[in-house]
1. Can you go through Gly127, Gly121 and tell me which one is under 20 Å from the mean Cα position of the chain (by Cα), at positive phi and modelled with pLDDT under 95?
2. Using the structure shown, decide if Gly92 is surrounded by fewer than 12 Cβ atoms within 10 Å (Cβ to Cβ) and in contact (Cβ under 8 Å) with a residue 40 or more places away in the chain.
3. Please count how many residues of segment 1-32 are small (Gly, Ala, Ser) and without any contact (Cβ under 8 Å) to a residue 12 or more places away in the chain.
4. Could you tell me which residue of segment 46-86 is surrounded by the fewest Cβ atoms within 10 Å (Cβ to Cβ), considering only residues that are among the hydroxyl-bearing types (Ser, Thr, Tyr) and within 19 Å of Val15 (Cβ to Cβ)?
5. Pick from segment 11-31 the residues that are within 20 Å of Gly92 (Cα to Cα) and buried (at least 18 other Cβ atoms within 10 Å of the Cβ): which of them is farthest from the chain's Cα centre (by Cα)?
6. Quick one: how many residues across segment 1-57 are over 30 Å from Asp109 (Cα atoms) and among the polar types (S, T, N, Q)?
7. Please go through segment 73-89 and pick out each residue that is part of a strand (DSSP E or B), touching a residue at least 24 places away in the same chain (Cβ under 8 Å) and of a type outside the set (Val, Ile, Thr).
8. Taking the criterion of being at pLDDT 95 or above, in contact with a helix residue (DSSP H, G or I) (Cβ under 8 Å, 6 or more places away or on another chain) and either surrounded by 12 or more Cβ atoms within 10 Å (Cβ to Cβ) or of a type outside the set (S, T, N, Q) (or both), would at least one residue in segment 34-44 satisfy it?
Amino acid sequence: MEIRPRYCECDPMSVVHHTVYPIWFEMGRTELLRASGSTYADLEARGILLAVTRLDVRYRKPAKYDELLVLETTLRDVGHVKIEHSYRLCRGDEELVIGETTLACIDRDGRVQPLPANWSGAPIAAG
């Protein structure tokens, strides 16, 4: 997905603040889910919640205000109760930030639950 950093996402030197990248990762997961034909709202209506249990971000080069960036979000693994994604944010051919997340499937009470059987190996993502 294409991203253009907004003024409010940057520090006074026009550099994207480090806290913004995980938000963009969530946007990538949400759009990946949408591309698979579902939405996070659909999951929540079924009582399926996905909580981030691990976040890893590696900052290689700064992104700046109003640059055209591309975020690649990849589904790496779907397990019994977890989903793993990787991320790559680029400016042209230049890699700026990479990251990974693990999401756990939980119920509304916060208890871990198995992912629905039809998700195994399917392109699933969520925020």
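The values are calculated or read from the model by the stated rules, or taken from the named source; none is laboratory data. These numbers were taken from a predicted model, which means no experiment stands behind them. In this analysis, Cβ positions are derived from the backbone assuming ideal geometry, glycine residues included, and neighbour counts consider all displayed protein chains.
1. Residue meeting the stated conditions: Gly121.
2. Here the answer is no, as Gly92 does not meet what is asked.
3. 0
4. Tyr59
5. Val16
6. The qualifying residues number 1.
7. Within segment 73-89, Leu75, Arg76, Lys82, His85, Tyr87, Leu89 qualify.
8. Scanning segment 34-44 turns up no residue that is at pLDDT 95 or above, in contact with a helix residue (DSSP H, G or I) (Cβ under 8 Å, 6 or more places away or on another chain) and either surrounded by 12 or more Cβ atoms within 10 Å (Cβ to Cβ) or of a type outside the set (S, T, N, Q) (or both).
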